[in-house]
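Student: Attaching a single structure in structure tokens format; questions to follow.
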Amino acid sequence: MLTTAWTRRHVISLADFFPEDYDTVLQTAASFSEVLTRRNKKVPTLQGQVVTNLFFEPSTRTRNSFELAAKRLSADTLNFAPGSSSLAKGETILDTAKAYLAMGTDIMVIRHQESGVPQAIANEMDRLGTNVRVLNAGDGQHEHPSQALLDLYTICSLLDPPNPRVELLRGQKIAIVGDILHSRVARSNIWSLTAAGAEVHLAGPPTLLPREFADYAQADVNASRSAMPELERQIFVHWQLEPALENADFVMTLRLQKERMAQHLLPSLREYHQRFGITRDRLKLCKPHVKVLHPGPVNRGVELNSDLMDDPVLSLIPQQVSNGVAVRMALLYLIGGGR
Ligand code: NCD
């Protein structure tokens, strides 16, 4: 396993990640991918540590892959689900977190429907002088760092399987299509892909893609020193699909959040599919080797044609899910100070 200068306590956002941080995650994930091909897929790295999944919002892939990752690292795991917990009796989120602290939790993996909850819990853990580490597993519309890291790993390990690294992304054109406004996945991906030197083209209807996204990430707002000292982040906004797809190397589709339909941000799912749905025909605008990604869950036939999703040549969706385990093992290992 590689030795690293990793110093981050928590992973809440990718805004202040440097190219070398991404490379550390990619290389560590590549080592764990190799471990996952062995007959015995368990390593003793986090033996004796407790990893608690605090998921206040539903999740299939993220929660289960964090749990499997923790188990592969030999950690003990606890799972919190709001429906069957004391939250239903009026307990506050911080008190819930403190109960898990008292049970000896070392790492908290947190998902919440409100932006900022993982940061608030991390602040409280630091204020109390604990050694608890916090991983953001998706907060409101803010960020979903582990998803963007597994997307990055999926792309880089396709480009050079034995040696995934960010420099492979320089000059690659990546289209991100769909409900950008509400997407924490898009926000984290914008940070990682632009830091890697990719050209990011966002496409969606104006109601789901504010023009200001062109300036998103220009300021490196949260970074104490700029994560991108000399390289300008390249982000383009399109209210039509075609210019984003032209000569694209990768197309990332996002779930159309049907719950937003109530706010009249979209005329109808049919019209959305007609204008922004990814079809085989539309992919002809892209480079011949184009690949399609989607974080899941997918609305089949809305953001993506059903047959594309199952196409083993075009779709990277199954690889995203399986790579999620290795990437989450890497994150738990790095922040857990694994050996
Ligand atoms: C995403 C999420 O929950 O943010 N899914 C995921 O984590 N795999 C995207 C979504 O819900 O649309």
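Student: If P82 meets every condition in (1) farther than 24 Å from A148 by Cα; (2) without any contact (Cβ under 8 Å) to a residue 12 or more places away in the chain apart from one, which number is that one?
Tutor: Tallying (1) farther than 24 Å from A148 by Cα; (2) without any contact (Cβ under 8 Å) to a residue 12 or more places away in the chain, P82 fails exactly one: (2).
Student: Return yes or no: is R275 in a helix (DSSP H, G or I), away from the ligand (no atom under 15 Å from the Cβ), open to solvent by 50 Å² or more (accessible area, probe 1.4 Å) and over 23 Å from V200 (Cβ atoms)?
Tutor: Working: in a helix (DSSP H, G or I): yes; away from the ligand (no atom under 15 Å from the Cβ): yes; open to solvent by 50 Å² or more (accessible area, probe 1.4 Å): yes; over 23 Å from V200 (Cβ atoms): no.
It is false that R275 is in a helix (DSSP H, G or I), away from the ligand (no atom under 15 Å from the Cβ), open to solvent by 50 Å² or more (accessible area, probe 1.4 Å) and over 23 Å from V200 (Cβ atoms).
Student: Applying the selection to segment 19-68, what residues are part of a strand (DSSP E or B) and away from the ligand (no atom under 16 Å from the Cβ)?
Tutor: V50, V51, T52
Student: Name the residue that is nearest to the ligand (Cβ to nearest atom), counting only residues in segment 282-319 that are under 13 Å from L256 (Cα atoms) and crowded, with 21+ Cβ neighbours inside 10 Å.
Tutor: Ranking the qualifying residues of segment 282-319, first place goes to P295.
Student: Name the residue that is farthest from the ligand (Cβ to nearest atom), counting only residues in segment 100-112 that are open to solvent by less than 70 Å² (accessible area, probe 1.4 Å) and assigned to a loop (DSSP other than H, G, I, E, B).
Tutor: Once the filter is applied, the top-ranked residue is G104.
Student: Right, next: Looking only at segment 48-71, decide whether some residue is open to solvent by 70 Å² or more (accessible area, probe 1.4 Å) and among the β-branched types (V, I, T).
Tutor: Yes, segment 48-71 has at least one match.
Student: Something else about it: Return the pairs, sorted by first residue and then second, in which the second residue is open to solvent by 60 Å² or more (accessible area, probe 1.4 Å) and at pLDDT 95 or above, the first residue lies in segment 279-297 and is among the basic types (K, R), the beta carbons are less than 8 Å apart, and the residues are 6+ apart or on different chains.
Tutor: Short answer, once both residue conditions are applied: R282/E242; K287/N247; K291/L158.
Student: Applying the selection to segment 232-265, what residues are closer than 14 Å to T207 by Cβ and touching a Pro at 6+ places or on another chain (Cβ under 7 Å)?
Tutor: W239
Student: Within segment 299-339, track down each residue that is polar (S, T, N, Q) and part of a helix (DSSP H, G or I).
Tutor: S306, Q319, Q320, S322, N323
The rows are residues; the columns are (1) of a type in the set (G, A, S); (2) at pLDDT 95 or above; (3) over 30 Å from T154 (Cα atoms).
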{"position": "S31", "(1), (2), (3)": "yes, yes, no"}
{"position": "V35", "(1), (2), (3)": "no, yes, no"}
{"position": "L46", "(1), (2), (3)": "no, yes, no"}
{"position": "Q49", "(1), (2), (3)": "no, yes, no"}
{"position": "P58", "(1), (2), (3)": "no, no, no"}
{"position": "D76", "(1), (2), (3)": "no, yes, no"}
{"position": "M108", "(1), (2), (3)": "no, yes, no"}
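Rundown of residues vs (1) in contact with a strand residue (DSSP E or B) (Cβ under 9 Å, 6 or more places away or on another chain); (2) away from the ligand (no atom under 16 Å from the Cβ); (3) in the same structural domain as S188 (by TED's automatic domain parsing), yes/no style:
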| position | (1), (2), (3) |
| --- | --- |
| K71 | yes, yes, no |
| L78 | yes, yes, no |
| D95 | no, yes, no |
| V117 | yes, no, no |
| N131 | no, yes, no |
| V134 | yes, yes, no |
| A137 | yes, no, no |
| L152 | no, no, yes |
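The values are calculated or read from the model by the stated rules, or taken from the named source; none is laboratory data. Since the model is a prediction, treat every value here as computed from it, not as a measurement. Note: ideal-geometry Cβ built from the backbone for every residue, glycine included; neighbour counts use all protein chains shown. Only protein heavy atoms, including side chains, enter the accessible area calculation; ligands, DNA and RNA are left aside. Shrake-Rupley method; radii C 1.70, N 1.55, O 1.52, S 1.80 Å.
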